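Down below is the structure, laid out as structure tokens.
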Amino acid sequence: MLITLPCRLALLSIIAAISVSVAGQSTAQAPAPENTPKWNDPALVTCGDKPPFSSRTLRGDTLVSPDGKRRAYAEVEATALYPQPPAGHAGPICVNNSRIFVAGDPPDCKIRFLQEPADVESGNSLRLVDWSSDSRRLLAELAEWQYDQPGVTHSVLIYDARNGTFQQPDLGRALAKTFGRDCSVNFRVLGFTAKGTIALEAQPLSPEEEEVLGLLSCTRKKTSFEMDRATETLVSVPDVSKLQHNAKLEAGQSK
């Protein structure tokens with residue numbers, strides 16, 4: 001069911017780093033380095049690092065499609081279940097709900113995507129990246145994690161505004177096809193290229209990440225990739241200098 005709300009603008013600056021490990025056809029994500037707590041990561045919205053925990057809601061900048069007919073923003077809500085957890089409490093203390101709002105014709109914002117907390121991953125966050133040059137597709141990134149465990153899972157989301165559907169490319173399978181072995185890298189979504197492919201930047205795993213995963217890094221240097229949306233195939237490229245920024249950004253206020 002679609003929920004109609006007025007469009008509101010706000011600031012949510014997120015730098016995304018996708019960690020994908022490949023084991024056959026399955027995808028496992030590299031954990032965040034232990035020296036980067038989730039509450040210190042600007043890409044994640046949490047309830048804080050110690051009691052009293054507090055609820056927060058952040059709404060992202062609005063991305064306007066190139067034709068000016070669609071507007072979108074992400075909203076991330078972190079809810080503190082126990083500001084002061086009781087002694088011996090073993091359950092979650094914070095849960096997240098993340099939403100993508102899109103407005104078109106009529107110009108009311110509607111929830112087009114909702115990520116709710118799960119037992120195994122009670123934390124989540126969303127970042128909007130860009131609109132495609134034809135104003136049809138919205139590129140976004142979803143992060144999911146468990147508060148009491150290391151690691152953050154990142155996924156690419158593509159919203160088709162014409163059909164009202166979402167696509168979530170299988171980056172693990174794409175890596176398996178590219179390298180032909182079990183390995184892992186840290187991905188960062190950059191946006192759309194002038195050709196319409198998805199630009200990605202891969203960083204090698206740290207020794208700590210390799211030890212935790214039990215896998216070697218796919219590459220030992222920073223590597224640029226382009227992904228074809230239709231085939232979900234990765235192609236290594238010298239650089240992504242032809243990255244195309246299509247959306248118009250309307251900055252808002254942080255709540």
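We did not get these values from a lab; they are worked out from the coordinates using the rules stated. This is a predicted model, so every value here is computed, not measured. Ideal geometry is used to build each Cβ from the backbone, glycine not excepted, and the neighbour counts take in all protein chains shown.
3J(HN,Hα) along segment 153-170, derived from phi through the Karplus expression 6.51 cos²θ - 1.76 cosθ + 1.60 where θ = phi - 60°, amounts to 9, 10, 10, 8, 10, 10, 9, 8, 5, 5, 9, x, 10, 10, 10, 10, x, 8 Hz, with x in place of Gly and Pro.
Extending 7 Å from the Cα toward the beta-carbon at both S236 and R136 defines two label points whose distance is 3.2 nm.
Hydrodynamic radius of segment 141-255 by the Kirkwood approach over all distinct alpha-carbon pairs: 15.9 Å. Viscosity 0.890 mPa s, temperature 25 °C: what is the translational diffusion coefficient of segment 110-159 from Stokes-Einstein with a Kirkwood Rh over Cα pairs, rounded to a whole number of µm²/s? Here the translational diffusion coefficient equals 204 µm²/s. Close amide H partners of Q244, meaning residues 5 or more places away or on another chain with modelled amide H under 5 Å apart, are F192, T193, A194. Loop-located GluC sites (Glu not before Pro) in segment 45-149 (DSSP state other than H, G, I, E, B) with a sparse environment of at most 15 neighbouring Cβ atoms within 10 Å are absent.
Cα centroids of segment 165-218 and segment 44-119: 25 Å apart.
Sequence-ordered 3J(HN,Hα) estimates for segment 65-78 from the Karplus curve with 6.51, -1.76 and 1.60 and θ = phi - 60° stand at 5, x, 7, x, 8, 10, 9, 9, 8, 9, 10, 10, 10, 9 Hz, glycine and proline given as x.
Listed values for segment 42-53 are Karplus-derived 3J(HN,Hα) couplings in whole Hz (6.51 cos²θ - 1.76 cosθ + 1.60, θ = phi - 60°), namely x, 7, 10, 9, 10, 8, x, 9, 7, x, x, 6, and x replaces Gly and Pro. Available extension along the chain between D67 and A118 is 14.7 nm, counting 0.36 nm per residue and deducting the alpha carbon span. When only Cα pairs below 8 angstrom with a gap of at least 6 residues are kept, segment 96-185 shows a relative contact order of 17 percent. Note that segment 80-190 carries a Kirkwood radius of 16.4 Å, evaluated over its alpha carbons pair by pair. If you wrap the tightest convex hull around every Cα atom of segment 152-201 and split its volume per residue, you get 108 Å³.
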